[in-house]
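Let me begin by presenting the structure, written as structure tokens, before commenting on it.
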Amino acid sequence: MGMKEVVRLFSEKGILVDPDALDYISSKENPLEFAKDLLTKLSDSSLVLTLEDIKSMEGGSKEEEEITEVFNEIPVGTGEKVMAREYDAEVKIIKDVTGRVSCRGEVEDFAKLFNSRYQKIRNIFGSQRRGLRNPIPLKKLRDGKIKEAQVIGMVKDVRTTQKGYRIIELEDEEDTITVLVPKDDPLLYQQSQEIVYDEVISLRITSGRNGLFIAQSISYPDISITHKKNKAEIPVYVAFLSDTHIGSNKFMREEWNKMIRWLNGEIGNSRQRDVARKIKYIIMPGDIVDGVGVYPGQDKELDVTDVYKQYELLSKELERIPDHITIILQPGNHDAVRPAEPQPALEKEIQDLFSGKEYIFVGNPCYLSIHGVEILSYHGQSLLDFSTNIPNLRYNQPIEVMKIALKKRHLAPIYGGHTPIAPEHEDYMVIDRIPDIFVTGHVHVSAIGEYRGVTLINASAWQAQTNYQKMMNFVPDPAKLPVVDLRSGNATSMDFNVV
């Protein structure tokens, strides 16, 4: 039996397995049964399974186990070895709009944006299929001589007729065609319901009557099922700390303090403290302060009404985090940057408020590499656009929405939706690189998943339910900290509502 089932067994329980422990389990005659037996002996608060843990469970007496469990709850002092401190930070910014803003808001800018999107995703299709390297231009279909073709285009319109047919208007650089999706093909019809405005797709079509074309298949650019995840060579972890909303009177101070104490090795059982000692990086994917004037009546829910003082307060809070941890800060729709995406990093005047440790300021979205592991970090405002335009998607189930974004290879294709789009000359929202980790925030939900080898994370929040959220029937899942082991690729989460 392969070890994937063993890893999945522990992952479902939110437990990381140390590589040495995994090797030991694989050496057993029946690894799966051995793993199930280990799970019955692990405490509910276990985060990491080490080889020492297994040896202890195999050989320790009941009295020894009881002593160990009590010891695990004792706070540790500064004498414990902090592994993450032994390694230098290694962060490389791969792609980010910061310093590259080119748009002026003119009509020509929008033309360049959409042309960049079309070309990038057409190239993705071409790299996947030989027959799509040189797709047939739509204008060549006008004379009716070509009866069947595979085409690539941007969705100008998509709608359902009164009789239940789906109609797609597809355009390329020179022409537009109208394509009908037959309702008697359930699979094809279901695929067509995932289509949104302004995305680039590929259709296999046949010619019909009166200039109409009939869809035979629908293809999305998607990511390869053979994607091989990059892993770090050293045992360091990255934590994701999103939507802190500093300045809000709903900021969860008690849970935040627990998280700070845990990072400093002051609370948690032995396994939890072991994870804390290995955290080398914290990524903050947006809404790091609550901002001012973001939604109606927000002023009534603010403790701090000056946005610059909010950032000063955040700086003081982050100073409490151990200085060996590199903190990567990214803006969201509540932050003091332009509202349109892609968003550049926070301005220098705000950056200068942060000192005392290594801070890296990035735009939204941003591709970065940490010890060779590629991370796509995006605040996630468009999760609402996807969930309101595609049936059966819910914004409080962000993993499913993130899978759709990867499938479409675009973070925010819909122009004119909830997410304002800046007409940059290059479309920075195209997912033209396949990340190892894809992280979002925005919806205040803690979730971990995977899609075709990509680890998916929505990074919770540190703000309790606001009155505005109650009005919108929005129930958050706050005060949780997703953590990824960059060497093994495994992910888990710390819940500071219960620690």
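The values are calculated or read from the model by the stated rules, or taken from the named source; none is laboratory data. Given the structure is predicted, the values throughout are model-derived calculations rather than measurements. Don't worry about glycine lacking a Cβ; one is built from the backbone with ideal geometry, like all the others, and counts go over all protein chains shown.
Does residue 232 count as assigned to a loop (DSSP other than H, G, I, E, B), crowded, with 21+ Cβ neighbours inside 10 Å and of a type outside the set (Ser, Thr, Tyr)? Show your work before the answer.
Values: assigned to a loop (DSSP other than H, G, I, E, B): yes; crowded, with 21+ Cβ neighbours inside 10 Å: yes; of a type outside the set (Ser, Thr, Tyr): yes.
Judged against the criteria, residue 232 is a match.
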Enumeration of residues in segment 233-281 that are within 19 Å of the chain's Cα centre (by Cα) and of a type in the set (Gly, Ala, Ser): 239, 242
Subset of segment 283-317 (residues that are without any contact (Cβ under 8 Å) to a residue 24 or more places away in the chain and either under 30 Å from residue 484 (Cα atoms) or outside any loop (DSSP other than H, G, I, E, B) (or both)): 299, 316
Those residues of segment 440-499 which are within 20 Å of the chain's Cα centre (by Cα), closer than 18 Å to residue 260 by Cα and aromatic (Phe, Trp, Tyr), in sequence order: 462
Sole residue being closer than 21 Å to residue 186 by Cα and either surrounded by 13 or more Cβ atoms within 10 Å (Cβ to Cβ) or not basic (Lys, Arg) (or both), chosen from 152, 121, 146, 168: 168
Residue identified as among the hydroxyl-bearing types (Ser, Thr, Tyr), assigned to a strand (DSSP E or B) and on the phi < 0 side of the Ramachandran plot among 428, 395, 367, 415: 367
Failed item, numbered, when residue 360 is tested on (1) buried (at least 24 other Cβ atoms within 10 Å of the Cβ); (2) part of a strand (DSSP E or B); (3) in contact with a Ser or Thr (Cβ under 8 Å, 6 or more places away or on another chain): (1)
Members of segment 480-493 that are closer than 14 Å to residue 460 by Cα and in contact with a helix residue (DSSP H, G or I) (Cβ under 7 Å, 6 or more places away or on another chain): 481, 483
Of all residues in segment 17-42 being closer than 23 Å to residue 455 by Cβ and touching a Lys or Arg at 6+ places or on another chain (Cβ under 9 Å), the one that is surrounded by the most Cβ atoms within 10 Å (Cβ to Cβ): 35
Residue 429 being out of contact with any strand residue (DSSP E or B) (no Cβ under 9 Å at 6 or more places or on another chain) and either assigned by TED's automatic domain parsing to the domain that holds residue 258 or in contact (Cβ under 8 Å) with a residue 60 or more places away in the chain (or both): no
Complete set of residues in segment 235-275 that are of a type in the set (A, V, I, L, M) and in a helix (DSSP H, G or I): 259, 260, 263, 275
Subset of segment 469-499 that is closer than 28 Å to residue 6 by Cβ and β-branched (Val, Ile, Thr) - its residue that is surrounded by the most Cβ atoms within 10 Å (Cβ to Cβ): 484
Matching residues, segment 78-108, being surrounded by 13 or more Cβ atoms within 10 Å (Cβ to Cβ), touching a strand residue (DSSP E or B) at 6+ places or on another chain (Cβ under 8 Å) and of a type in the set (D, E, K, R): 90, 95, 96
Tally, over segment 396-428, of residues that are crowded, with 19+ Cβ neighbours inside 10 Å and either under 21 Å from residue 294 (Cα atoms) or of a type in the set (Ser, Thr, Tyr) (or both): 6
Segment 380-395 - residue that is polar (S, T, N, Q) and out of contact with any helix residue (DSSP H, G or I) (no Cβ under 8 Å at 6 or more places or on another chain) and, of those, surrounded by the fewest Cβ atoms within 10 Å (Cβ to Cβ): 392
Unique residue being outside the structural domain of residue 443 (by TED's automatic domain parsing) and closer than 30 Å to residue 373 by Cβ when the list is 266, 233, 199: 199
